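The structure under discussion appears below in the form of structure tokens.
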Amino acid sequence: MYAYIKGRITDMSESAAIIETGGVGYEVAVSAYTLSRISVGNDTVLYTYMSVSENGIGLYGFCTREERALFLKLINISGIGPKGAVAILGGMSPADLGAAIASGNAAALSSIKGVGKKTAERIIMELKDKMSAEFSAVPAAAQTTLEGEAKEAAEVLVALGYKPDAAERAVAVAYKDGMTVNQIVHKAIGGK
């Protein structure tokens with residue numbers, strides 16, 4: 001199995017990149033997240049996963065090891081194959097996806113195109129414990145006690161049924177300076 005491919009991006013489409021190395025161009029399926037971080041003509045490293053099935057061979061690439069690690073966790077869930085996992089990873093950054101899973105935010109997951117409520121709940125059920133250790137820390141921007149609008153937004157989430165620690169993590173991930181309580185709550189439950 002390939003661990004990574006290092007080379008020059010020669011072409012890109014909506015769901016794949018061609019990376020040339022050693023005179024060979026490899027077509028690599030990538031998420032929207034990875035596509036947004038690479039560009040034609042630049043040298044890059046894609047961390048890879050090769051899928052072999054009766055439908056053929058697929059090569060998947062990720063711009064970070066963290067994204068690849070999330071991909072591997074997702075494909076171990078019944079009903080989620082490599083293409084589905086890449087689509088899920090394209091819906092939000094790996095950090096936001098991990099935080100949504102760790103906090104049990106099914107609404108955020110089901111806001112991703114192709115992810116329904118049942119799939120979101122299954123992802124959380126199967127990965128929450130695995131993700132909690134990695135994503136339980138509140139982001140640096142919100143490591144202090146929540147105040148003002150952020151504190152009010154966390155209280156709203158608790159009233160909506162979130163556990164207090166999950167509400168604080170969701171707000172910490174969603175919060176940006178200058179946001180209103182409604183904007184924070186909307187983004188924390190999966191809005192854009």
- request: Quick one: among Asp11, Asp43, Asp177, which has the greatest mean-square fluctuation in a GNM of the chain with alpha-carbon springs under 10 angstrom?
  value: Asp177
- prompt: If you put +1 on each Lys and Arg Cβ and -1 on each Asp and Glu Cβ, how big is the dipole of the chain around its Cα centre, in Debye rounded to 20?
  reply: 280
message: Explain nothing, just the number: relative contact order of the chain, from Cα pairs under 8 Å at least 6 residues apart, as a whole percent.
response: 15
task: Mind giving me the nanometre distance, one decimal, between the label points for Lys117 and Thr21, set 7 Å out from Cα along Cα→Cβ?
output: 4.4
task: Could you give the size of the charge dipole of segment 83-129 about its Cα centre, using +1 on the Cβ of each K and R and -1 on the Cβ of each D and E, expressed in debye and rounded to the nearest 20?
output: 220
statement: Taking N as the residue count of the chain, its alpha carbon Rg divided by 2.2 N^0.38 Å gives 1.12
query: What residue among Leu109, Leu160, Leu127 has the largest mean-square fluctuation in a Gaussian network model of the chain, using Cα springs under 10 Å?
result: Leu160
statement: Looking only at aspartates and glutamates whose Cα falls under 15 Å of Lys151's and that sit 8 or more positions away or on another chain, we get Asp165, Glu168, Asp177
message: Can you compute the charge dipole magnitude of segment 1-104 about its Cα centre, using +1 on each Lys and Arg Cβ and -1 on each Asp and Glu Cβ, nothing else charged? Give it in debye, rounded to the nearest 20.
response: 220
- line: Within the set Glu126, Glu147, Glu54, GNM on the chain using Cα springs under 10 Å gives the largest fluctuation to Glu54
- line: So for segment 83-126, using the alpha carbon gyration tensor with a ≥ b ≥ c as root eigenvalues (a/c under 1.5 gives rounded; past that, a/b versus b/c decides prolate or oblate), I'd call it oblate
message: Which of rounded, prolate or oblate describes segment 1-101 when judged by the alpha-carbon gyration tensor and an a/c cut-off of 1.5?
response: oblate
Sequence-distant lysines (8 or more away, or on other chains) whose Cα lies within less than 29 Å of Lys118: Lys73, Lys83, Lys128, Lys130, Lys163, Lys187, Lys192
Shape of segment 24-80, Cα gyration tensor, a/c cut at 1.5: oblate
- request: Provide the net charge surrounding Ala154, with neighbours chosen by a C-beta distance below 12 Å and charges set as Lys +1, Arg +1, Asp -1, Glu -1.
  value: -3
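Values quoted throughout were computed directly from the atomic coordinates according to the rules given, and no laboratory measurement underlies them. Keep in mind that this is a model prediction, so the values were computed, not measured. A quick note on method: Cβ atoms are made from the backbone with ideal geometry, for glycine too, and the neighbour counts reach across all protein chains shown.
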